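Here the structure comes first, spelled out in structure tokens, and everything after it is commentary.
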Amino acid sequence: MRDAEFFKSWMAAIADAVEREADRLTELDSPIGDADHGSNLLRGFTAVRAALDTDSPSAPGAVLQLAGRTLISTVGGASGPLYGTLLRRTGKELADAAEVSDEDLRRALDAGVRAVAALGGAAPGDKTMLDALVPGVAALTVSYGAARAAAEEGALATVPLRARKGRASYLGERSVGHQDPGATSSALLLTALADTAEGSR
């Protein structure tokens, strides 16, 4: 069973990963976006870390809802609403339970991913964060390691795709040949989850 401390550790692991990879995320965003994906997420997850230090929720769902609200209020562009929706909806699905099972988390994340798809009007294959999130969350039925691998493979698989949603879609064929930054950061999110789960055994 996973308690609030596990979820706080997960958020801290994402913040650490974003801090390490911020320059790379911005570099990926430069040719097909606004060259601000890394800096935006760095600002957002730095704020999430501070919010969780200040207001320490006692339930997993509350941790994720606070993180989601913080991202929406601090991150510009599309990343804030999309990542904020993912975490808020996942947290809402977990409700007020003091502890949740891995299956509870998988089902809640699935609901969060569907909320992201509805908000962005996107589907797998559109060269967005869903290309990492959908296979990654589906692979949670196997293991956290499988989720990490599937998300990373999904991010890499965006390279040959033509973007059909978001800023990159304006480039048409010129979006082909570039790895999607949103899928890349989504893979970081699921990698952080897997690392946290494996480290808490």
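The values are calculated or read from the model by the stated rules, or taken from the named source; none is laboratory data. Just so we're clear, the structure is a prediction, and the values are computed from it rather than from any experiment. A quick note on method: Cβ atoms are made from the backbone with ideal geometry, for glycine too, and the neighbour counts reach across all protein chains shown. When the accessible area is computed, the model is the full protein with side chains, heavy atoms only, and any ligands, DNA or RNA have been set aside. Shrake-Rupley method; radii C 1.70, N 1.55, O 1.52, S 1.80 Å.
Only one of the numbered conditions (1) basic (Lys, Arg); (2) open to solvent by 30 Å² or more (accessible area, probe 1.4 Å); (3) outside any helix (DSSP H, G or I); (4) touching a Ser or Thr at 6+ places or on another chain (Cβ under 8 Å) is violated by Arg106, and that is (3). Within the stretch 1-23, the set of residues being more than 12 Å from Phe45 (Cα to Cα), open to solvent by less than 60 Å² (accessible area, probe 1.4 Å) and of a type in the set (A, V, I, L, M) comprises just one member, Ala4.
Among the listed residues Thr26, Thr46, which satisfies the condition of being buried (at least 19 other Cβ atoms within 10 Å of the Cβ) and among the hydroxyl-bearing types (Ser, Thr, Tyr)?
Of the residues listed, the single one that is buried (at least 19 other Cβ atoms within 10 Å of the Cβ) and among the hydroxyl-bearing types (Ser, Thr, Tyr) is Thr26.
Tally time: how many residues in the stretch 82-103 are in a helix (DSSP H, G or I) and open to solvent by less than 50 Å² (accessible area, probe 1.4 Å)?
Here is the first cut: in the stretch 82-103, the residues in a helix (DSSP H, G or I) are 82-94, 102-103.
In the following step, the residues that additionally are open to solvent by less than 50 Å² (accessible area, probe 1.4 Å) were identified as 82-87, 90-91, 94.
So the count comes out to 9.
The residue pairs whose first member lies in the stretch 64-81 and is under 17 Å from Arg2 (Cβ atoms) and open to solvent by less than 30 Å² (accessible area, probe 1.4 Å), whose second member is acidic (Asp, Glu) and at pLDDT below 95, and whose beta carbons are closer than 7 Å, counting only pairs six or more residues apart or on different chains, are Leu66/Asp55. The set of residues in the stretch 145-201 that are at pLDDT 95 or above and hydroxyl-bearing (Ser, Thr, Tyr) comprises Thr158, Thr184, Ser185, Ser186, Thr191, Thr196.
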